[in-house]
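Right, one structure below, let's go through it.
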Amino acid sequence: MQSKPLKTWGIVVQFLPKWLTTRFTTNRYKQEIETLSQDIEKRIAETLAPIDEKIAPKEIRPLINAINRLITYFEDRSHHEQDFSANASHELRTPLAGIRLQTEIAMSTDDKEIQQRAHQNVLIAIDQNERLIEQLLTLARLTADRVELAMEKLDVGQLSAHVIANLQSLADEKQISLKLESQDNLTLRASEESLSILLHNLIRNAINYIPEGSKVEVKTTTAKGGKIVLSVADNGPGIPEEKHEVVLRRFQKTANSAKSGSGLGLAIVKRICDLHHATLELGRTTKKGGLKVTVTFNR
């Protein structure tokens, strides 16, 4: 099946010769344009290497430069999609292999205790798989060629409180304290769904990666110029500074990451920040050196 970039590129090639020959009617130009069109068609079949602008009349070289930028964009998208598919396939196979193994263990024994433990492990693996699929779908939706967010006026404090309430039971399992400090009537124009996903990922990551009995603090405040600052801080092991840029990429995990992590949470957060023209900063908490993630929005 032909990929979307190649389909789009094929449309460009289909109409390019006709448009050019209507603009440049001399026989010499027609011959050069036909040669150029053949070269472009050959590149579709073999490679998406940029076109040498020197082979085209100088009058259309700006167009060739624009086409080369289009080629670069499609090539980057193609590599990105290939890497994404390969990584996603690998990540999905891991919990599925665990489900198969635990099912075989349960089927091969009459020991009720072993069977129960295997069944519990199956449920854990299923939860991991569901979480991974949810993250993959979210990231795919947010990285589409056209992303349209439903922007509306939101109370950041109320939204944070709602997300915390949804994650409270998960925090209670590890005896982790979730604390919210927020200014009243702090409003921001943003996508409620995306901002909820951002907060959910940051708080859930903190819960997953910090020891039992730890603390997660969510804070919303204002900064100079009327900017709104949202931060999530914990007193866990943190992330080394040299790894800050790395963990914002897809499928990247730190050495102290939970085994169940997909390496997508912070990548999704980064994408949501980009869509809202917000800045994302990873740092350390001042007290015990845990991780502090700060997002700054322009009102």
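Taken together, the values in this text are just the output of simple stated rules run on the coordinates, not laboratory data. These numbers were taken from a predicted model, which means no experiment stands behind them. We place every Cβ from the backbone using ideal geometry, glycine too, and count neighbours over all the protein chains shown.
Subtracting the Cα-Cα distance from 0.36 nm times the residue separation, let me have the gained length for VAL246 to ASP184 in nm, one decimal.
18.8 nm
Spelling out what I want: for every residue of region 209-220, take phi, set θ = phi - 60°, compute 6.51 cos²θ - 1.76 cosθ + 1.60 (Karplus), and round to whole Hz; glycine and proline get x.
So the Karplus estimates, Gly and Pro as x, are 9, 9, x, 4, x, 7, 9, 10, 10, 10, 9, 10 Hz.
List, in order, the whole-Hz ³J(HN,Hα) value for each residue of region 165-174 obtained from phi through the Karplus relation with A = 6.51, B = -1.76, C = 1.60 and θ = phi - 60°; use x for Gly and Pro.
Here the 3J(HN,Hα) series is 4, 5, 9, 4, 5, 5, 5, 4, 4, 10 Hz.
Tell me, what ³J(HN,Hα) does each residue in region 225-232 have, in order and in whole Hz, if you take phi through Karplus 6.51 cos²θ - 1.76 cosθ + 1.60 with θ = phi - 60° and put x for Gly and Pro?
x, x, 5, 10, 10, 10, 9, 10
Given region 151-297 reduced to its alpha-carbon atoms as identical point scatterers, what log10 I(q)/I(0) does the Debye formula return at q = 0.17 Å⁻¹?
-0.94
For the residue pair ALA144 and LYS112, what label-to-label distance in nm results when each label sits 7 Å from Cα along the Cα-to-beta-carbon direction?
That separation, rounded to one decimal, is 5.1 nm.
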